[in-house]
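Participant: Got a structure for you, written out below as structure tokens; questions coming shortly.
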Amino acid sequence: MKKYYLLTPGPTPVPPRVAAKASEPMLHHRTKEFGEIFSRVQEGLKYVFRTKSDILMIAGSGTAAMEAAVANTLSPGDEVIVASVGSFGERWVKIAEAFGIQVHAVREEWGKPADPQKIADALKAHPKAKAVLLQHTETSAGSVNDLKTISKIVEKSPAILIVDSISGLGGEELHMDDWHLDVVVSGSQKGLMTAPGLAMAALSDKGWKAVESAKCPRFCSDFKRIQKSIKDNETPWTPPVSLFQSLAEALKMIQEDTIEGVWERHRRLARAAQAGIKALGFPLFSSRPCSVLTAAKLPEGFDGALLIRKMLADQGVSIAGGQDHLKGKIFRLAHMGYMDSFDVLIGLTALEKTLKDMGYKIPEPGRAAREAEAALA
């Protein structure tokens, strides 16, 4: 029997106590018992989002919340600015265009973060822009954007700031209210340590004003309908009850550690992963690395796709490769959610063993783990 280690950027490992909640007897969603769970999820998510706003719950993946954010705040023909620094930035472009929205893309080479000055310039060039859309963490490139600085720029304009924090929430520092973020969306399957299938969004007052004038079609993901049901501790449609049960427990774990403690754990794991990967001779891919995942460049001609397959087949360790034009050219080691020191050490050790088996000359065998341990200390 081979033990399986999940070190990918989503889905991420689910703690046993969280998984156990999903196996409890099914509850009807129009009961006091479910209402109590719903209320705990609301309060727990407000704590993690760092907001006083209601959290709108949507059955679906994180992309469902991205689509809902566009559909509920914009109208066909509107102009928006998308700050794209990777694959998921391009997803904002595709979603907006699907609703007939005109996109002004401000693109950076993958591996570089969004440039706040270019966003400011784009807002001046396109004064009719109704929104700026971007990622918190761009996991396709291992980068984190400077939301705090960007929000100060967008706040001065009529546009709202829509943030995809699907991979960032619960791992990367975020203060929705203090940073004046207008719409923040996320999902259950990453830093929130729960199985996939539950998406969420929170809106500022400025965000809700945009909802009032939005004319894109929506029904199941209608923010007004969803918010109206919150006062009764329920959703307008049948929710994934088991996921609510699990998420309530996962949020309890985060609160036990404190969100500040969780952020620091992710920073510590990121330092260890970065130190270990550099010791193997690989440069980091991002110039502004995030805390939830580390991406690194592979040598020219190296078979990155085989590396990923072989690590899983031989070592039982699952990491991620590159996306789109980066397929086979980078690898991505996640350290988000239910992970700690030994997960990073296992990932680095398995990576070194697989590289050696593939004929790659390790600069100094064993050094990756030693450097990671030193960083952890």
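Participant: Among 287, 291, 318, which is open to solvent by 60 Å² or more (accessible area, probe 1.4 Å), over 13 Å from residue 140 (Cα atoms) and within 23 Å of the chain's Cα centre (by Cα)? Lay out the reasoning, then the answer.
Facilitator: Numbers: 291 fails: open to solvent by 60 Å² or more (accessible area, probe 1.4 Å); 318 fails: open to solvent by 60 Å² or more (accessible area, probe 1.4 Å).
Result: 287 is the single residue among 287, 291, 318 that is open to solvent by 60 Å² or more (accessible area, probe 1.4 Å), over 13 Å from residue 140 (Cα atoms) and within 23 Å of the chain's Cα centre (by Cα).
Participant: Does residue 169 satisfy the criteria of being part of a loop (DSSP other than H, G, I, E, B), free of Cβ contacts under 8 Å to residues at least 40 places away in the same chain, closer than 28 Å to residue 79 by Cβ and open to solvent by less than 10 Å² (accessible area, probe 1.4 Å)?
Facilitator: Numbers: part of a loop (DSSP other than H, G, I, E, B): yes; free of Cβ contacts under 8 Å to residues at least 40 places away in the same chain: no; closer than 28 Å to residue 79 by Cβ: yes; open to solvent by less than 10 Å² (accessible area, probe 1.4 Å): yes.
Spelling it out, it is not the case that residue 169 is part of a loop (DSSP other than H, G, I, E, B), free of Cβ contacts under 8 Å to residues at least 40 places away in the same chain, closer than 28 Å to residue 79 by Cβ and open to solvent by less than 10 Å² (accessible area, probe 1.4 Å).
Participant: If you check every pair at least six apart or on different chains, which have Cβ atoms under 6 Å apart with a residue in the range 296-315 that is farther than 20 Å from residue 274 by Cα and open to solvent by 60 Å² or more (accessible area, probe 1.4 Å) first and a residue that is part of a strand (DSSP E or B) and of a type in the set (S, T, N, Q) second?
Facilitator: Between residues of the range 296-315 that are farther than 20 Å from residue 274 by Cα and open to solvent by 60 Å² or more (accessible area, probe 1.4 Å) and residues that are part of a strand (DSSP E or B) and of a type in the set (S, T, N, Q), the close pairs are 312/318.
Participant: If you scan the range 91-104, which residues turn out to be over 16 Å from residue 65 (Cβ atoms) and either open to solvent by less than 40 Å² (accessible area, probe 1.4 Å) or among the hydroxyl-bearing types (Ser, Thr, Tyr) (or both)? Talk me through it step by step, then tell me what you get.
Facilitator: Filtering the range 91-104 down to residues over 16 Å from residue 65 (Cβ atoms) leaves 93, 97, 100-104.
Residues satisfying the conditions are 93, 101, 103, 104.
Participant: In the range 140-162, what count of residues is obtained for those that are within 24 Å of residue 178 (Cβ to Cβ) and either assigned to a loop (DSSP other than H, G, I, E, B) or free of Cβ contacts under 8 Å to residues at least 24 places away in the same chain (or both)?
Facilitator: Filtering the range 140-162 down to residues within 24 Å of residue 178 (Cβ to Cβ) leaves 143-162.
From what's left, either assigned to a loop (DSSP other than H, G, I, E, B) or free of Cβ contacts under 8 Å to residues at least 24 places away in the same chain (or both): 145-146, 156-159.
The total comes to 6.
Participant: Specify the residue that is nearest to residue 264 (Cα to Cα); the eligible residues are those in the range 329-345 that are open to solvent by 50 Å² or more (accessible area, probe 1.4 Å) and touching a residue at least 60 places away in the same chain (Cβ under 8 Å). Step through it out loud before you land on a result.
Facilitator: Of the residues in the range 329-345, the ones open to solvent by 50 Å² or more (accessible area, probe 1.4 Å) are 329, 338, 340, 342.
After this cut, where a residue has to be touching a residue at least 60 places away in the same chain (Cβ under 8 Å) as well, the list is 338, 340.
Numbers: 338: 14, 340: 11 Å.
Restricting to residues being open to solvent by 50 Å² or more (accessible area, probe 1.4 Å) and touching a residue at least 60 places away in the same chain (Cβ under 8 Å), the top hit is 340.
Participant: Tell me whether the range 83-90 contains one or more residues that are in a helix (DSSP H, G or I), touching a Leu at 6+ places or on another chain (Cβ under 7 Å) and either within 26 Å of residue 296 (Cβ to Cβ) or open to solvent by 40 Å² or more (accessible area, probe 1.4 Å) (or both).
Facilitator: First, pick out the residues of the range 83-90 that are in a helix (DSSP H, G or I): 87-90.
Still in the running and touching a Leu at 6+ places or on another chain (Cβ under 7 Å): 89.
Now narrow it down to the ones that are either within 26 Å of residue 296 (Cβ to Cβ) or open to solvent by 40 Å² or more (accessible area, probe 1.4 Å) (or both): 89.
Scanning the range 83-90, I find at least one residue that is in a helix (DSSP H, G or I), touching a Leu at 6+ places or on another chain (Cβ under 7 Å) and either within 26 Å of residue 296 (Cβ to Cβ) or open to solvent by 40 Å² or more (accessible area, probe 1.4 Å) (or both), so the answer is yes.
Participant: All but one of (1) crowded, with 24+ Cβ neighbours inside 10 Å; (2) closer than 21 Å to residue 197 by Cβ; (3) not acidic (Asp, Glu) hold for residue 37; which doesn't?
Facilitator: Condition (1) is where residue 37 drops out.
Participant: Determine whether the range 248-261 contains at least one residue that is aliphatic (A, V, I, L, M), open to solvent by 20 Å² or more (accessible area, probe 1.4 Å) and closer than 17 Å to residue 56 by Cα. It would help to see each step written out before you state the result.
Facilitator: So the first thing to find is which residues in the range 248-261 are aliphatic (A, V, I, L, M), and the list is 248, 250-251, 253-254, 259.
Subsequent filtering for residues that are open to solvent by 20 Å² or more (accessible area, probe 1.4 Å) retains 253.
Now drop any that are not closer than 17 Å to residue 56 by Cα, which leaves none.
No: zero hits.
Participant: Being within 20 Å of residue 225 (Cα to Cα) and of a type in the set (D, E, K, R) is the filter here; which residues of the range 37-56 pass it?
Facilitator: Within the range 37-56, 43, 46, 52, 54 meet the criteria.
Participant: Scan the range 347-377 for residues that are of a type in the set (A, V, I, L, M, F, W, C) and open to solvent by 50 Å² or more (accessible area, probe 1.4 Å) and report the count. Please lay out each step first, then the result.
Facilitator: Quick first cut of the range 347-377, residues of a type in the set (A, V, I, L, M, F, W, C) only: 348, 350-351, 355, 358, 362, 368-369, 372, 374-377.
Applying the additional criterion that residues be open to solvent by 50 Å² or more (accessible area, probe 1.4 Å) yields 358, 374, 377.
Residues flagged as of a type in the set (A, V, I, L, M, F, W, C) and open to solvent by 50 Å² or more (accessible area, probe 1.4 Å) within the range 347-377 amount to 3.
Participant: Take the range 214-240 and flag every residue that is in a helix (DSSP H, G or I), in contact with a strand residue (DSSP E or B) (Cβ under 9 Å, 6 or more places away or on another chain) and open to solvent by 50 Å² or more (accessible area, probe 1.4 Å).
Facilitator: Within the range 214-240, just 227 meets the criteria.
Participant: Which of the residues belonging to the range 173-188 are of a type in the set (D, E, K, R) and either farther than 16 Å from residue 259 by Cα or within 9 Å of the chain's Cα centre (by Cα) (or both)?
Facilitator: The answer is 182, and nothing else.
The values are calculated or read from the model by the stated rules, or taken from the named source; none is laboratory data. Just so you know, these numbers come straight off a predicted model, no measurement behind them. Here Cβ is always computed from backbone atoms with ideal geometry, including for glycine, and neighbour counts include all displayed protein chains. Heavy atoms of the whole protein, side chains included, go into the accessibility calculation; ligands, DNA and RNA do not. Shrake-Rupley method; radii C 1.70, N 1.55, O 1.52, S 1.80 Å.
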